[in-house]
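Colleague: The structure under discussion is supplied below as structure tokens; questions concerning it will follow.
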Amino acid sequence: MSTPSRRFRPATPADAARDGHRFAWLKPDGWRESFRALVLEVEDGGGGATVIGVGRIGPNTVHPGLDLVELEIDPAHRRQGHGTALLHELGTYSNNSLSSKVQPGSERDSFLRSHGAVTYLEVPLLRVDVTADRTARWCAAVRGATEVQGARAVPWTALHREQLVDALTDRYAWQHASWSPTAPREVLRRKVGAEFFEESVREHSWAVVRDGEITALADLYDDERGSGGPVGPHREGALEAVDAAAPQARADVALCMAAMLEDLRELGAETLDLDNHPTDPHTAPLLATLDRTEVDPVQLVEIPNGLTAVLRDVP
């Protein structure tokens, strides 16, 4: 039995309208600046062609050393070499290594590993029970610690936008420096700092201030699992110091976390999921002192392409 011939072409708005319900990653080619989007077709036996896969690739403006790649193959056409062919085709549009996210043990994980993908960071989502009595006692203990004297926790609405965006930019840059270096500060500030500020629930995001300077940030974001109001029972957030090397960084991050947890408890929230990195030097150890559960871990993976693909294939 012969394999139907395959071909790649740029995705169109008509493809998205017709097959968008089948493929989560289907976007028209050029829907974002410098991004390419392709569809993979095979002959249908009647002189026509059927879309059985989609893929997209483009630059990561915040982390320029890696290009982003995503692809999907229709379940009925998997394990026939189509995904491999599509990944190779997408790779021709870049000289960088490629990056993606996987859930450990998933079909996607196995596929990308078979093409040499390696994990460069595992990111667990850590869930804290806001309603637990021990969480309340933990917050009270933070409030009573002498190390937090001289610092105050305030909602983002009490601070100026530009001050917050600067602090968010500083925090992001050092958090990623060791494992995914960032673009220049002016790019980072425009892309990351502003996005985090605009997408946060600012009245329930918190900052710690010492001597007029923001030293720690806890951002709260909307969660589709919530009740539909500004703060539902299940929330997501992020947390860390603005300057990791500051003498009081650990204490200020603890105070920031306590302020957010107490605020959420008062609002009737049940859980807080913190999207932090295991490499975060203050948040990770502090979370280890709380009762928390690891949920939905994902791994950030790098897939050989360009130089790494050449070196991998040396005989």
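The values are calculated or read from the model by the stated rules, or taken from the named source; none is laboratory data. Keep in mind that this is a model prediction, so the values were computed, not measured. A quick note on method: Cβ atoms are made from the backbone with ideal geometry, for glycine too, and the neighbour counts reach across all protein chains shown. Calculation scope for accessible area: heavy atoms of the full protein, side chains included, ligands and nucleic acids excluded. Shrake-Rupley method; radii C 1.70, N 1.55, O 1.52, S 1.80 Å.
Colleague: Between helix 249-267 and the chain, what is the angle of the helix's C-alpha long axis to the longest principal axis, kept within 0 to 90° and rounded to the nearest 10?
Modeller: 90
Colleague: Quick one: Karplus J couplings for region 123-137, per residue in order, coefficients 6.51, -1.76, 1.60, θ = phi - 60°, nearest Hz, x for Gly and Pro?
Modeller: 10, x, 8, 9, 9, 10, 7, 5, 7, 5, 4, 5, 4, 5, 5
Colleague: Give me, ordered by chain and number, the residues 5 or more places off Glu70 or on other chains with an amide H under 5 Å from its own placed amide H.
Modeller: HN-HN under 5 Å from Glu70: Arg56.
Colleague: Related question: Could you report the accessible area of Lys191 in Å², rounded to 10, computed with a 1.4 Å probe on the protein chains as they sit in the structure?
Modeller: Its heavy atoms expose roughly 80 Å² to the probe.
Colleague: By accessible area of protein heavy atoms, probe 1.4 Å, what ranking do Glu199, Glu89 get, highest first?
Modeller: Ranking Glu199, Glu89 by accessible area, largest first, yields Glu199, Glu89.
Colleague: From the C-alpha coordinates alone, can you work out the Kirkwood hydrodynamic radius of the chain, in Å?
Modeller: 21.8
Colleague: Next question. When Lys and Arg each count +1 and Asp and Glu each count -1, what net charge do the other residues less than 13 Å away from Val102, Cβ to Cβ, add up to?
Modeller: Here the count lands on -3.
Colleague: Output the direction-averaged projected area (hull surface divided by four) of the convex hull of the alpha-carbon atoms of region 6-95, in nm².
Modeller: The number I arrive at for region 6-95 is 6.1 nm².
Colleague: Right, here's the next one. Can you pull the percent of region 5-102's accessible area that's carbon plus sulfur, 1.4 Å probe, other chains left in place?
Modeller: That fraction is 49 percent.
Colleague: Could you pull the accessible area for Glu213 with a 1.4 Å probe, rounded to 10 Å²?
Modeller: 120
Colleague: Okay, moving on. How large is ³J(HN,Hα) for each residue in region 199-215, as worked out from phi by the Karplus curve 6.51 cos²θ - 1.76 cosθ + 1.60 (θ = phi - 60°), to whole Hz, x for Gly and Pro?
Modeller: With coefficients 6.51, -1.76 and 1.60, one gets 8, 7, 8, 5, 5, 10, 9, 10, 9, 9, 10, 10, 6, x, 10, 6, 10 Hz.
Colleague: Could you list, bin by bin from short to long, the percent of Cα-Cα pairs of region 169-270 in 5 Å steps?
Modeller: 2, 13, 21, 21, 19, 14, 7, 2, 0
Colleague: Skipping prolines and chain starts, which residues have an amide H placed within reach, meaning under 5 Å, of the one on Gly53, given they are 5 or more residues away or on another chain?
Modeller: When sequence neighbours closer than 5 places are left aside, the close amide H contacts are Leu40, Asp74.
Colleague: Let me ask something else. How high is the relative contact order of the chain, given as a whole-number percent (alpha carbon pairs under 8 Å, six or more residues apart)?
Modeller: It rounds to 22 percent for the chain.
Colleague: Continuing with this model, one more query. Calculate for the chain the 222 nm mean residue ellipticity that helices alone would give, adding -39,500 (n - 2.57) per DSSP H run of length 4 or more and normalising by residue count, nearest 500 deg cm²/dmol.
Modeller: It comes out at -8500 deg cm²/dmol, rounded to the nearest 500.
Colleague: Using alpha-carbon positions, what is the distance between the centroids of region 255-315 and region 130-195, in Å?
Modeller: Measuring centre to centre over Cα atoms gives 14 Å.
Colleague: Give me the angle, in degrees from 0 to 90, between the Cα long axis of helix 82-91 and the longest principal axis of the Cα atoms of the chain, rounded to the nearest 10.
Modeller: 70
Colleague: Here's a follow-up. Kindly express, to the nearest 10 degrees and within the range 0 to 90, the angle between helix 161-176's C-alpha long axis and the longest C-alpha principal axis of the chain.
Modeller: Tilt relative to the chain: about 60 degrees.
Colleague: Using only the Cα atoms of region 125-297, build the gyration tensor, take square roots of its eigenvalues as a ≥ b ≥ c, and label the shape rounded, prolate or oblate: rounded if a/c is under 1.5, else prolate if a/b is larger than b/c, else oblate.
Modeller: In terms of gyration-tensor shape, rounded.
Colleague: Considering only protein heavy atoms and a probe of 1.4 Å, how much of the accessible area of region 125-297 is carbon and sulfur, as a whole percent?
Modeller: Of the solvent-accessible surface of region 125-297, carbon and sulfur hold 50 percent.
Colleague: Read phi for every residue in region 233-244 and hand back ³J(HN,Hα) as whole Hz from Karplus 6.51 cos²θ - 1.76 cosθ + 1.60, θ = phi - 60°, with x for Gly and Pro.
Modeller: Working through the residues one at a time gives x, 10, 10, 10, x, 9, 7, 4, 6, 7, 10, 4 Hz.
Colleague: Over the chain, give the accessible area per residue in Å² for a 1.4 Å probe, as an integer.
Modeller: With the other protein chains kept in place, the chain gives 49 Å² per residue.
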